[in-house]
Structure formats: C-alpha cells, structure tokens
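Chemist: Following this message is one structure expressed as structure tokens.
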Amino acid sequence: MTVSLSGNEVAKQITKHLSEAVIKASGEAVLVKSESIFDVAEYLKSSPELDFDYLNYITAVDYYDYFEVVYQLTSMKHNHSLVLKTRCYDRDNPVVPSVVKLWQGADFQEREIYDLMGISFEGHPNLKRILLWEGFEGHPLRKDYL
Amino acid sequence: MEIGDITQRYIYSDAELDRAEGEAIEALKALSQQPIPDPDKWLEEKQRYVFPYILASLDIIFNWARRCSLWPVICFPACCAFEFIAANASRFDLSRFGMEILRASPRQADLMITAGTLTWKAAPQVRRIYEQMAEPKWVIAMGACGISGGIFRSSYNVVPGYNRIVPVDVYVPGCPPRPEALIYGIRMLHYKISRGRTLSSPLAGGERLEEASLLSGKD
C-alpha cells in the first residue's frame, strides 16, 4: 500500500530549499504558488529522499473565485505519494507553468485541462485542443459555460 | 537521455490538419440543421409498376437476394455494440438472417448499424464510412443515442441523432435495445427492402440519390 506523505512534513522540506513557495500545507496536500510550481516539482522529483518519479494525474477544479490545479505524485522507489496543489486567480487568462519537461505523462493531461478548463500551461511544447476541435468556442468544464 | 530531448523529438500532429478537421466538423454541423426526410414515407407509397409482371417478378428476386444477405459494417462507437454482439452470438444467432459476417471494410458492406453515442469529433469519420459503402445501402439507428442523442442530447459535443449525418431507414428504441428488439428492427428493414423497386419503377433509385445529395450538400 502506498503511504501518503503528510503535507506538513513535505512543506517543511520544500521551505528549506524554496523559502517563498509554499502558501499552505495540511495533512493531505501542499498548496504552492503557481509561479513556483515548476521549481517545487523539480525539487520533489530530484531530491533523493522524496524522489517523486511518477505523476499519477493532473486535474483542475473551478471554484468560481479561482482555478485549482491538482497534481498527484508517487515515488516508485519509496512507495509514497503526495498531493500538490496550486491556484490561479485570473479567470480571463489563467497561466500555470508546465511540468512536461519533468514528467512526459503530463503532456496530454495538460492539453485536456487547456481544452476543457481554459488554463494555459506555460512552456508546454504543443498546447492545443485535444478532445474538442479547432474553432470550438469556450471551455466546457468551466462553471460559467452554458 | 533527458526527458527534454524526447519532448523535442516527439512528433506532434499538424496544425494545418487540425484546422481542416475543425472546418469539416463545422461544415457538418451547419448541414445538420436541414430538415430530416420522413423515414416512414415509403409506407404510404403506392406501388407504381411500368411493366408489372416481368420486371416486378425480377424485383422480387433482387430484393430477396439483398435482404437475405445483409452484411453490416463495423461502426459501433459505444455500448449498444454489446447488444449487437449478443444478437450476433449463438443465443440469438443473427446468421439465421444471413448476416453473421461483419465487414471491416465499408466497401463490402450494405448495412450500417449505428450502435451508440456519436460525438461531433467522430461524425466526419462515420459520414465517410457511410459514403464508402456501395449502393444499395441501409442504416439502422440503434438505441436512444442513435435516434436522438439520448441523455447526452443537450451536450456540446454530441450529435443529436444519426439522421443528422446519414439517412436512417429503421429506428430501434431502447437504452440499449434488447437483441430481440434489434432483430425486430432488422426484420422491419427486410420488409422495407422487399418493397423496394429497382427495375419496375425508375423513380425508386432516384429518390434515394436525392436524399443522399440533400445531406451531402451536393446537387
């Protein structure tokens, strides 16, 4: 059984390296600033005691005031997992750094979030619609889409 | 090897192709706004024979040959396909009607059983499969999604019925229809084919072409 790490413990380790990155941490998840998500993810992947080499999924949630992007990470070596979250408050042009350079599996999922939720991933090599077609108006999973 | 290198080498699809696909879907959507021909029109049609005895009896042979070996094309986008598989398997045994063979190539098939929800993204492909089938060809809309879009009708990405894309002959309701219902629909299609007039009425083929050209937007 994969052990889910306490967000508080991991947040302490992140803060040692990136002092400004963590906004909030709880037992379940770590919430980080959207501009430092790539640095945090890089640290979580490269640090030998955490070693999150596998990205289970990325998903996004619309909370009306902000979008929350959720990353579920797992370490195959240590058999533990972590939920990483970030928020973007700009509804018209939400931007989050891409993690495709760290985990190749993020490619299609970031495209899906861009397609259905309208969040742009900065640094994504091929950011375009994946489920809907070119020329489709709007982003259907947003709460204000009718 | 660094993951960055793989990202660079990764072959991405063409932006030009994506734009062409989007245009094709939008064109199909625009065409689907046209009124749909009444599928039950043939029931009221009067039999008009030019040379009644010889050609009509030839037609009977033609129609018998056609209806007793309907070969369905493999075009099953969603879950109704399992009921079709059940109908095709030993318990319900579609081979009683001479249609146990599923053709992977639409050029060898003359019946399309549209089993399942169709999204607009897949609509051009279904339309292409229909166009590749050789005449004479028939379509059975199977299940609620095939008839009207079903519970997904109000979605932004679901075709509200196959009759927006291709001309449908028989509608089989159900979600999904039981194999018995599908077989009943196939029997109804047999009845429709048996009333078809290839030689004895020169109008019969022309109407079909007119219907097809209405959907494809060509004169």
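Chemist: Take the residues in region B:54-75 that are part of a helix (DSSP H, G or I) and aromatic (Phe, Trp, Tyr); name whichever of them is modelled with the lowest pLDDT. Explain how you work it out, then say what you get.
Modeler: Our first condition is that a residue be part of a helix (DSSP H, G or I); within region B:54-75, this holds for B:54-67.
Still in the list and also aromatic (Phe, Trp, Tyr): B:62, B:64.
Values: B:Phe62: 85, B:Trp64: 89.
Going through the qualifying residues, I end up with B:Phe62.
Chemist: Within region A:87-105, can you find the residues that are touching a strand residue (DSSP E or B) at 6+ places or on another chain (Cβ under 6 Å) and hydrophobic (A, V, I, L, M, F, W, C)? Full working, then the answer.
Modeler: Pass one, region A:87-105, residues touching a strand residue (DSSP E or B) at 6+ places or on another chain (Cβ under 6 Å): A:87-88, A:94-98, A:103, A:105.
Answer for region A:87-105, where residues must be touching a strand residue (DSSP E or B) at 6+ places or on another chain (Cβ under 6 Å) and hydrophobic (A, V, I, L, M, F, W, C): A:Cys88, A:Val95, A:Val96, A:Trp103.
Chemist: Any residue in region A:1-13 that is under 19 Å from A:Asn56 (Cβ atoms) sitting within a Cβ distance under 9 Å of a residue that is assigned to a helix (DSSP H, G or I)? List the pairs, counting only those 6 or more apart or interchain.
Modeler: A:Val10/A:Leu44
Chemist: Also, quick follow-up: When you look at A:Val99, is it more than 10 Å from chain B (Cβ to nearest Cβ), more than 24 Å from B:Arg19 (Cβ to Cβ), touching a residue at least 60 places away in the same chain (Cβ under 8 Å) and assigned to a loop (DSSP other than H, G, I, E, B), yes or no?
Modeler: Numbers: more than 10 Å from chain B (Cβ to nearest Cβ): yes; more than 24 Å from B:Arg19 (Cβ to Cβ): yes; touching a residue at least 60 places away in the same chain (Cβ under 8 Å): yes; assigned to a loop (DSSP other than H, G, I, E, B): yes.
Taking the combined requirement at face value, the residue satisfies it.
Chemist: So, one more: Which of the residues belonging to region B:1-53 are part of a helix (DSSP H, G or I), away from chain A (no Cβ under 14 Å) and at pLDDT 70 or above? Walk me through how you get there before you give the answer.
Modeler: Kept after step one, since they are part of a helix (DSSP H, G or I), are these residues of region B:1-53: B:3-9, B:15-31, B:41-44, B:52-53.
Of the ones still in play, those that are also away from chain A (no Cβ under 14 Å) are B:31, B:41-44, B:52-53.
Selection gives B:Leu31, B:Lys41, B:Trp42, B:Leu43, B:Glu44.
Chemist: Search region A:112-125 for residues being in contact with a helix residue (DSSP H, G or I) (Cβ under 7 Å, 6 or more places away or on another chain) and surrounded by fewer than 19 Cβ atoms within 10 Å (Cβ to Cβ), and hand back the single one that is farthest from the other protein chains (Cβ to nearest Cβ). Full working, then the answer.
Modeler: Narrowing region A:112-125 to residues in contact with a helix residue (DSSP H, G or I) (Cβ under 7 Å, 6 or more places away or on another chain): A:119-121, A:124-125.
Cutting the leftovers down to surrounded by fewer than 19 Cβ atoms within 10 Å (Cβ to Cβ) gives us A:120, A:125.
Values: A:Ser120: 17, A:Pro125: 5 Å.
Ranking the candidates gives A:Ser120 first.
Chemist: Another one. So if I check each of A:Ala41, A:Ala60, A:Ala29, A:Ala25, which one is crowded, with 16+ Cβ neighbours inside 10 Å, hydrophobic (A, V, I, L, M, F, W, C) and more than 14 Å from the chain's Cα centre (by Cα)? Can you show your working first?
Modeler: On the way: A:Ala41 fails: more than 14 Å from the chain's Cα centre (by Cα); A:Ala60 fails: more than 14 Å from the chain's Cα centre (by Cα); A:Ala29 fails: more than 14 Å from the chain's Cα centre (by Cα).
Exactly one of A:Ala41, A:Ala60, A:Ala29, A:Ala25 is crowded, with 16+ Cβ neighbours inside 10 Å, hydrophobic (A, V, I, L, M, F, W, C) and more than 14 Å from the chain's Cα centre (by Cα), namely A:Ala25.
Chemist: Hey, another quick one. For the list (1) closer than 21 Å to B:Ile85 by Cα; (2) of a type outside the set (Val, Ile, Thr); (3) within 14 Å of the chain's Cα centre (by Cα); (4) surrounded by fewer than 21 Cβ atoms within 10 Å (Cβ to Cβ), I need the number of the one condition that B:Pro167 fails.
Modeler: B:Pro167 satisfies every listed condition except (1).
Chemist: For B:Ser95, only one of the following conditions fails: (1) more than 21 Å from B:Arg178 (Cβ to Cβ); (2) at pLDDT below 90; (3) not β-branched (Val, Ile, Thr). What is its number?
Modeler: Status for B:Ser95: all satisfied but (1).
Chemist: While we're looking at this one, here's another question. Checking A:Gln109 against (1) within 11 Å of chain B (Cβ to nearest Cβ); (2) more than 19 Å from A:Val10 (Cβ to Cβ); (3) in contact (Cβ under 8 Å) with a residue 40 or more places away in the chain, only one condition comes out false. Which one?
Modeler: Condition (1) is where A:Gln109 drops out.
Chemist: Picking from A:Leu141, A:Leu131, which residue would you name as being more than 10 Å from chain B (Cβ to nearest Cβ) and over 15 Å from A:Ala41 (Cβ atoms)?
Modeler: Details: A:Leu131 fails: more than 10 Å from chain B (Cβ to nearest Cβ).
Selected residue: A:Leu141, the only one of A:Leu141, A:Leu131 that is more than 10 Å from chain B (Cβ to nearest Cβ) and over 15 Å from A:Ala41 (Cβ atoms).
Chemist: A further question follows. What's the number of the condition B:Val139 fails, among (1) touching a residue at least 40 places away in the same chain (Cβ under 8 Å); (2) part of a strand (DSSP E or B); (3) within 24 Å of B:Ala24 (Cβ to Cβ)?
Modeler: Result: B:Val139 fails condition (1) only.
Chemist: Quickly run through region B:104-135 and pick out the residues that are surrounded by fewer than 16 Cβ atoms within 10 Å (Cβ to Cβ) and over 18 Å from B:Asn157 (Cα atoms).
Modeler: Within region B:104-135, B:Ala104, B:Ser105, B:Arg107, B:Gln108, B:Arg128, B:Glu131, B:Gln132, B:Ala134, B:Glu135 qualify.
The values are calculated or read from the model by the stated rules, or taken from the named source; none is laboratory data. Note that this is a predicted model, so its numbers are computed, not measured. Every residue, glycine as well, gets a Cβ built from its backbone with ideal geometry; the counts of neighbours run over all protein chains shown.
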